[in-house]
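The values are calculated or read from the model by the stated rules, or taken from the named source; none is laboratory data. Please read these numbers as outputs of a predicted model, since none were measured by experiment. Ideal geometry is used to build each Cβ from the backbone, glycine not excepted, and the neighbour counts take in all protein chains shown.
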Amino acid sequence: MKTPKTQDERRRRSQCCLNGYVFHQHSRRCFKAFNNRTTYNGAVSRCSLDRGTLAIPRDSPTNEFLIGLKNGVDNNAPFRFGLTDVLQEGVWIWDDNVPLGDFRAWGPGEPNNAGDEDCAEYFTESDSHSNTWNDGTCTEADRKFICQLSQLVIPTTTVENSTPHAPTSTTAENIIPQTTTSTTVEYSTLNAIASTTVEYSTPQAPTSATVENSTPKVPAPASTTVERSTISIPSSECPPGYTAHNASCFKAHNQDKTYSQARQVCAADGGLLAMPKDREVDNFLMELKNAVDPNSPFWFGLNNQNGEEGWAWEDGTPYSPTADWTGWQPGEPDNNGGEQCVNHFGTGWNDAPCSSAHKFICQLNEAVQCPLGYFRCEHGHACTLTWRRCDGRTDCPDGSDEDGCECLPIPGDFNLGIRLAMLPNQLGQTTFQEIRNSPAMDLLSSVNDTKSRHPEFQEFASTVIFPRCFVCEEKITNFSSSLHANNSTPCANTTLLPCRSWCEEVLNMADAEIKSRFPTCDLFPPPQHRCWNPEPEKRNNEVCFHGNGMNYRGAWSTTKSGEGCVNWSAAQADFYRIEYPWADINNNYCRNPAGLERPFCLLEDGSQQECDVIPCNADGCWDMGPPNYGSRSPVKRFYYVGERVAFTCNEGYSLKFGYTSEVRCNEGGIWQYDKPSCTVNIKGRLEEDVLVVYSPNLAPETENHTQPVISFNGSIELIVDLEEKKELLVASLVIDFTWQDSRLSWDPKYYHNISSFSVPGSSIWTPTLTLKRNADPLYQGLRKDVPVRVSSNGQITWRVETLTTTVCDADPFYFPADTMECAICFSASSATEQTIECREGSLCNVLSTARQEGEWYRKDRFFSKGNTEACFTVQLERIPLFHIATTVGPCVILVVLMTITFVMPIDRGDRISFGVTILLSMVVTLVFVTDVLPVKGALPFFATLIVVWMALMGVFLFITMIVITIHDREGSLSPRAKTFFLCYMAKFLLLGDLTVKEAAGEDDETGPNGFLTDDMAEVDVESPANLRETTRQPPVSPAPPASLEVAGFRDLIRGVEELTRAAKSEPEVSDYTLLTKVLDRLCLFIYVIAIAVAVPMTMYLGK
């Protein structure tokens, strides 16, 4: 036996995929990227038509394959695949109910659940997150999708035997056995099938797969996982006259029939009119018809007889111009004169009247499996929507959808009462016994938790499982008398399935597992077709709504704000009627076609607003109504738990004591507090009585008719800013003014003992006060719109908080111990005679205790100035320590350092540059001082002192230059000058007698008699040889011993040499050099004295 090569196996398996699907070797699946857009549920339904699911990229190779597949169709559109988290947010489940594993290809920041994004999709290739996963919304119909087939038609493999004519039994591993027919194999059983034992009688005979064990080989039981669903039909197995192509048989009939008659002929053969859904089949049909009659049109299975539904194939699937092959001729379809059926004419498709007679092409397939919500025609080759069955219009080619329309009484063990049902239902169950044995019975159980389900869920489920039967009144009697009969009861031949709006509302509250057990809501009938909807529930004699109200059918037409709704066709260009024809949108009634939180309607401007519709069983509170003499907001008839209502009273009324102005709705429909009551506002009435004839333009009157006396008290709360240079103070003040106004007095016993009330200052007379020395051009004076307290005895209290900017008086002479005084005075207007005085008992004109305010010591006081001004003063004294350390100290140090210029040796340093550097440092200090302090008529003492010191430094620098010049002169001073400067002046300056040092210097250069001896001169120049000859001269005196004579001379010579070397190395000191030393010492004395004297002199002259 030969093992097929890998590429051959791939080729065979790629041929097993349905038309348009592509086989992927790694995942062993068939995939197809659809080029049409739909919702997530729509994509699931479309995939189920091919008996598949949305694609599942469970690993990286499959994911990369799907990316290439989708980009080959459209790389600028997002594509859906089978991954959702609708059951639990953040828990992602594949469409085969397997949790998301380790492999994940989410884009950056995804999934983010922005706006209820519960369905996965691919980003477009051009997106910044190119080809990665994104969580998108499930309901938007603008995404394309990828399907995968859960079953695969495995092509057969020829098995060779060494004994071709003898029957053998062979075990084939990793080889899929070949048979004359191909079978659909579950993916989970591929490996098991590959290892089964295949028994062959002859190489040419069909093989039968059996399981090899200890018992004799028997055919596989009927319950095996290998199911027949598609037939690969060889030409020899097609009926006579039919030609095989792919998995179908086709026949071109050479007789003219109407479209309906052609259907019947094909149905008699067990087939349908041919359906060219792809280009390959379409080309084959063209060749087939041309072989019969190339000049005549041939009907094929595409029509629009249900005009409002659009074009549909003969097997009931909708025709999609984007997903299906399109072979229309130019300008077609033109629907010229009711052309609702299609034929092959010429080189393409043409729409023609269905009543015209043409030749036709039939197609034979194996029976299809219809998804939930569809009815399979009797011949098994087409599906139609279940709700179209028994509607009086033939939808199946064989007319079977209008056969067997009988109403059957529901057996009593289902506990659904006495009513009729018509089977099959949307779940594909055709008998009550099938229903009894199916999992659908769980949907009718009341044991399940119903808190999260729609209240009408069981009724909805029972209507889906047992579709209602429309019974005419004249047949009700017959029905009642035959409820217990064994035969069925004919009725009006109409099935009543749940209306789509009811489905949308019920399944909106269901979880994903429950939704998957029902057809999608777009497969339920709209109200234009006959459907079943329960009688609307009422609450307080008014139609209410369940869930989100998508099935609300009441006539309420008012929004929560009380505005009236406009007709749906008048706003938004009738968008909602066209987009949601199933939503029972009539007049201006509130509806919820878009699936919002609650029913809504449209306003004049086309905007949406929620309606004040009552929920049927939601927990909440009923409207308490407005309080007496008051109102509430918002105004609604029903308030949900947690919502609040605010109550306000009319003018002249106030909430009764003990009531709150806001009430919240609590659990159980109980308001947090009782509805408040409004009572007459006594204070408001008092204010009205007192002020009704009051004129704020007139000054107050006293009992003695004297000028009003305004008392004040207050304080400077805070120094906000102080600008020393500009002498400005920004301060925050609090002032209390009081005065008497007999016009504003009353007897409290007539007003519930109210002794005072507050009114805006602008409503009564207040004194007009002007701020003196104001430095703020935008200052508008004391505010009069603040509350003013009015007492029953006519006393008015006006408390004002204000921010002022005023000019101060600074005295910077003693900087850094300078002072500043700031006065803030308010002057009364001269137009009104009035007296301003300090309040009795206050600390008027008394300085407060000093307290630190930044770098100042602060003292405050307030007083009345001339009975016309209310004044507050702030006295500030600078704390000098900081500026002494940072300004005065460095300046004094520089002055002391200047003395170095007088003691520095002239030939060992640059006196001038050192002095200039110190002088410049003094300039910097002066600039700082003048920059901090305000400009006055006279400089501060310290600034003046710096100027004086700088002048002295400049003078002595000039003298230093003269001294340096004298130092470099040569020669001697006159005897008198030498005596005065080098003797007397030097002694006075503690230098000693410099003339003595000069004489001593001259003696060092001569012998004992004042001149150089010949012997010394010779010693300086003679060589050691000559020196030895000199020592051998006979002495004049008696000669000592020879050894002592030699040693003495050697010591004498050594001493003379050392003296000579010292005399030569000592520089010669001139008279002018000594003079500069005296002048330096004199300048030092004078500089120190001048600096010291400058301090008191500057103080004296500066004052």
Practice task
Tell me which residues, restricted to the range 295-339, are under 22 Å from residue 370 (Cα atoms) and among the charged types (D, E, K, R).
Solution key: 309, 314, 315, 324
Handout entry: Residue identified as surrounded by fewer than 17 Cβ atoms within 10 Å (Cβ to Cβ), touching a residue at least 24 places away in the same chain (Cβ under 8 Å), more than 17 Å from residue 372 (Cα to Cα) and in contact with a helix residue (DSSP H, G or I) (Cβ under 9 Å, 6 or more places away or on another chain) among 539, 517, 530
Key = 530
Handout entry: Given (1) charged (D, E, K, R); (2) within 53 Å of the chain's Cα centre (by Cα); (3) under 30 Å from residue 930 (Cβ atoms), number of the condition residue 736 does not satisfy
Key = (3)
Handout entry: Any chance residue 635 is modelled with pLDDT under 90, exposed (fewer than 14 other Cβ atoms within 10 Å of the Cβ) and either in a loop (DSSP other than H, G, I, E, B) or outside the structural domain of residue 455 (by the TED database) (or both)
Key = no
Problem - The listed residue being assigned by the TED database to the domain that holds residue 545, in contact with a strand residue (DSSP E or B) (Cβ under 8 Å, 6 or more places away or on another chain), assigned to a loop (DSSP other than H, G, I, E, B) and surrounded by fewer than 17 Cβ atoms within 10 Å (Cβ to Cβ), out of 597, 604 - result: 597
Exercise for the section: Kindly list the number of the only condition in (1) over 30 Å from residue 614 (Cα atoms); (2) modelled with pLDDT of 85 or more; (3) out of contact with any Ser or Thr (no Cβ under 8 Å at 6 or more places or on another chain); (4) surrounded by 14 or more Cβ atoms within 10 Å (Cβ to Cβ) that fails for residue 691. Expected result: (3)
Handout entry: Restricting the range 833-858 to residues that are surrounded by 17 or more Cβ atoms within 10 Å (Cβ to Cβ) and more than 29 Å from residue 698 (Cβ to Cβ), the residue that is nearest to the chain's Cα centre (by Cα)
Key = 856
Problem - Residue identified as under 19 Å from residue 304 (Cβ atoms), in contact (Cβ under 8 Å) with a residue 40 or more places away in the chain and surrounded by fewer than 19 Cβ atoms within 10 Å (Cβ to Cβ) among 331, 338, 392, 348 - result: 392
Handout entry: Residues of the range 540-552 classified as of a type outside the set (A, V, I, L, M, F, W, C) and within 15 Å of residue 600 (Cβ to Cβ), total
Key = 5
Handout entry: Matching residues in the range 902-926 - criterion: being over 24 Å from residue 943 (Cβ atoms) and either loosely packed, with under 12 Cβ neighbours inside 10 Å or of a type outside the set (Gly, Ala, Ser) (or both)
Key = 902, 903, 904, 905, 906, 907, 908, 910, 911, 912, 913, 914
Exercise for the section: Could you tell me whether any residue of the range 725-744 is touching a Gly at 6+ places or on another chain (Cβ under 8 Å), β-branched (Val, Ile, Thr), assigned to a strand (DSSP E or B) and crowded, with 19+ Cβ neighbours inside 10 Å? Expected result: yes
Completion exercise
When restricted to 104, 80, the only residue more than 24 Å from residue 594 (Cβ to Cβ) and basic (Lys, Arg) is 104
Practice task
Could you tell me whether any residue of the range 757-776 is in contact (Cβ under 8 Å) with a residue 60 or more places away in the chain, closer than 20 Å to residue 827 by Cα and either part of a strand (DSSP E or B) or in contact with a His (Cβ under 8 Å, 6 or more places away or on another chain) (or both)?
Solution key: yes
Fill in the blank from the handout: Out of (1) under 54 Å from the mean Cα position of the chain (by Cα); (2) modelled with pLDDT of 85 or more; (3) surrounded by fewer than 20 Cβ atoms within 10 Å (Cβ to Cβ), the one residue 355 does not meet is (1)
Fill in the blank from the handout: Counting only residues in the range 811-832 that are at pLDDT below 90 and assigned to a strand (DSSP E or B), the one surrounded by the most Cβ atoms within 10 Å (Cβ to Cβ) is identified as 828
Practice task
Specify the residue that is nearest to residue 835 (Cα to Cα); the eligible residues are those in the range 866-910 that are touching an Asp or Glu at 6+ places or on another chain (Cβ under 8 Å) and assigned to a loop (DSSP other than H, G, I, E, B).
Solution key: 867
Handout entry: Matching residues, the range 360-383, being in a strand (DSSP E or B) and out of contact with any Cys (no Cβ under 6 Å at 6 or more places or on another chain)
Key = 360, 361, 363, 375
Exercise for the section: Count, please, the residues in the range 540-593 that happen to be aromatic (Phe, Trp, Tyr) and part of a loop (DSSP other than H, G, I, E, B). Expected result: 6
Practice task
Check off (1) exposed (fewer than 14 other Cβ atoms within 10 Å of the Cβ); (2) within 34 Å of the chain's Cα centre (by Cα) for residue 564 and give me the number that stays unchecked.
Solution key: (2)
Practice task
Could you check, for the range 493-501, whether at least one of its residues is part of a loop (DSSP other than H, G, I, E, B) and at pLDDT 90 or above?
Solution key: yes
Fill in the blank from the handout: Scanning the range 444-468 residue by residue, those modelled with pLDDT of 85 or more and either assigned to a helix (DSSP H, G or I) or not assigned by the TED database to the domain that holds residue 514 (or both) turn out to be 457, 458, 459, 460, 461, 462, 463, 464, 465
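Looking only at residues that are among the basic types (Lys, Arg) and under 30 Å from residue 946 (Cβ atoms) in the range 1054-1103, which one is modelled with the highest pLDDT?
Start the filter on the range 1054-1103 by keeping residues that are among the basic types (Lys, Arg), which leaves 1054, 1061, 1064, 1077, 1081, 1103.
Checking which are under 30 Å from residue 946 (Cβ atoms) leaves us with 1081, 1103.
Working: 1081: 89, 1103: 68.
This residue is 1081.
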Exercise for the section: For residues that are part of a strand (DSSP E or B) and among the aliphatic types (A, V, I, L, M), scanning just the range 638-651, find the one that is nearest to residue 666 (Cα to Cα). Expected result: 645
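Here is a yes/no grid of residues against (1) hydrophobic (A, V, I, L, M, F, W, C); (2) closer than 14 Å to residue 794 by Cα; (3) modelled with pLDDT of 85 or more; (4) assigned by the TED database to the domain that holds residue 839:
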site: 686; (1), (2), (3), (4): yes, yes, yes, no
site: 703; (1), (2), (3), (4): no, yes, no, yes
site: 707; (1), (2), (3), (4): no, no, no, yes
site: 712; (1), (2), (3), (4): yes, no, yes, yes
site: 726; (1), (2), (3), (4): no, no, yes, yes
site: 729; (1), (2), (3), (4): yes, no, yes, yes
site: 733; (1), (2), (3), (4): yes, no, yes, yes
site: 736; (1), (2), (3), (4): no, no, yes, yes
site: 744; (1), (2), (3), (4): yes, yes, yes, yes
Handout entry: residue 924 being free of Cβ contacts under 8 Å to residues at least 24 places away in the same chain, in contact with a Leu (Cβ under 8 Å, 6 or more places away or on another chain) and assigned to a helix (DSSP H, G or I)
Key = no
Practice task
Could you tell me whether residue 72 is assigned to a loop (DSSP other than H, G, I, E, B), in the same structural domain as residue 144 (by the TED database) and either surrounded by fewer than 13 Cβ atoms within 10 Å (Cβ to Cβ) or hydroxyl-bearing (Ser, Thr, Tyr) (or both)?
Solution key: no
